[in-house]
Amino acid sequence: MTTDRDFIICILDVLGFENLFNQVGLETIEKKYRELIDVADKHNFELALMERGGVPVMGNPGIKSSYFSDTILFWCPYDDMRMEVLFDSLTEVMCKSIEIGLPLRGAVSVGQVVIEKENGVYLGQPFISAARAETAQKWIGITLSKTFDLPKYNGGFKADRILEYKKHLKPDKMDKVIPLVLDYPRKWRKTRDHSLIEAIKALDTDETFSDYYSNTIEFVNYSADNHDWWTKHPSYIKELERQKKLN
């Protein structure tokens, strides 16, 4: 696929992949990958129906996926609608990954790419930016890469999909990301009854990554404390006041 159109891509790496692979084997790892890809495939249809301005907007976002070694890749064309669907899909992917014991750390990028899945070709600055952003994090979760800092892409984020957060970032690599992350704990609270924190603790079996899990639990609590964060944002309050005056 060679095109001038912009694409959103998400690179997810499995935390502690080598140990996990040795424990469960190739067949189980492949099965877990397929479960996560099925989540995204489902969103191509079920979440293509959204509400905008009080009326439904329909369209298949065209989310595609691939996996190799310890990496899972998702991508789709870029626009506000597709970004909203993909981000929602990725929050469910993160929740599912924790449930099936496949902890993921990753990043989202945007821009022009060349993808030829059948030939294993994945090229473009967004892949480089996502890979750099992925290594800047110490947790289970997804952060936006520096590509979203560009004027062309630095808007359109739905407030209930993202949070401003940076405690999980390595101090020497903060220039690889913008401090916006996907709020998957919010998705968990809306769709699950069991404890996300307990599910994360159950994955903490390798002391090499214990601080990653501690950072993740801290973020889960932060998400819960800031469930409707935008209602306290000055610009949101100002806009509500403006609308009241108009009415």
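The values are calculated or read from the model by the stated rules, or taken from the named source; none is laboratory data. A quick note: this is a predicted structure, and the numbers were derived from the prediction, not measured. Using ideal geometry, Cβ is built from the backbone for each residue, glycine included, and neighbour counts are taken over all protein chains shown. For accessibility, only protein heavy atoms count, side chains too; no ligands or nucleic acids. Shrake-Rupley method; radii C 1.70, N 1.55, O 1.52, S 1.80 Å.
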Here are the criteria: (1) free of Cβ contacts under 8 Å to residues at least 40 places away in the same chain; (2) of a type in the set (Val, Ile, Thr); (3) under 18 Å from GLY101 (Cα atoms). Tell me which single one ILE178 does not satisfy. (3)
Reported set for segment 1-44 where residues are modelled with pLDDT under 80, open to solvent by 60 Å² or more (accessible area, probe 1.4 Å) and assigned to a helix (DSSP H, G or I) is GLU18, ASN19, PHE21, ASN22, GLN23, LEU26, LYS42
Pick from segment 225-238 the residues that are loosely packed, with under 14 Cβ neighbours inside 10 Å and hydrophobic (A, V, I, L, M, F, W, C): which of them is nearest to ASP160 (Cα to Cα)? TRP230
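Kindly indicate which of TYR222, TYR213 is without any contact (Cβ under 8 Å) to a residue 60 or more places away in the chain and surrounded by 14 or more Cβ atoms within 10 Å (Cβ to Cβ).
After ruling out the rest, the residue left standing is TYR222.
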How many residues are touching a strand residue (DSSP E or B) at 6+ places or on another chain (Cβ under 9 Å) and modelled with pLDDT of 70 or more if we restrict to segment 45-64? 4
Per the filter on segment 187-200, residues over 20 Å from LEU169 (Cβ atoms) and in contact (Cβ under 8 Å) with a residue 60 or more places away in the chain are LYS187, TRP188, THR191, ARG192, LEU196, ALA199
Name the single residue, out of those in segment 92-131 being hydrophobic (A, V, I, L, M, F, W, C) and assigned to a helix (DSSP H, G or I), that is surrounded by the fewest Cβ atoms within 10 Å (Cβ to Cβ). ILE128
In this structure, is ALA159 out of contact with any Phe, Trp or Tyr (no Cβ under 9 Å at 6 or more places or on another chain) and among the hydrophobic types (A, V, I, L, M, F, W, C)? no
Look at GLU92 and say whether it is under 26 Å from LEU26 (Cβ atoms), in contact (Cβ under 8 Å) with a residue 60 or more places away in the chain and not small (Gly, Ala, Ser). yes
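Can ILE98 be described as under 25 Å from GLU27 (Cα atoms) and modelled with pLDDT of 95 or more? Walk me through it before giving the result.
Numbers: under 25 Å from GLU27 (Cα atoms): yes; modelled with pLDDT of 95 or more: yes.
Yes, satisfied.
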Can you report the number of residues in segment 135-181 which are farther than 21 Å from ALA224 by Cα and open to solvent by less than 10 Å² (accessible area, probe 1.4 Å)? 4
Given the condition farther than 19 Å from VAL93 by Cα and either touching a residue at least 60 places away in the same chain (Cβ under 8 Å) or outside any helix (DSSP H, G or I) (or both), answer yes or no: does some residue in segment 132-144 qualify? yes
Given the criteria hydroxyl-bearing (Ser, Thr, Tyr), in a loop (DSSP other than H, G, I, E, B), closer than 25 Å to VAL39 by Cβ and more than 15 Å from the chain's Cα centre (by Cα), does TYR153 qualify? yes
In segment 64-87, how many are touching a Lys or Arg at 6+ places or on another chain (Cβ under 9 Å) and touching a residue at least 60 places away in the same chain (Cβ under 8 Å)? 10
Looking for whichever is open to solvent by 30 Å² or more (accessible area, probe 1.4 Å), at pLDDT 85 or above and touching a helix residue (DSSP H, G or I) at 6+ places or on another chain (Cβ under 6 Å) here; the options are TYR67, TYR78. Which one fits? TYR67
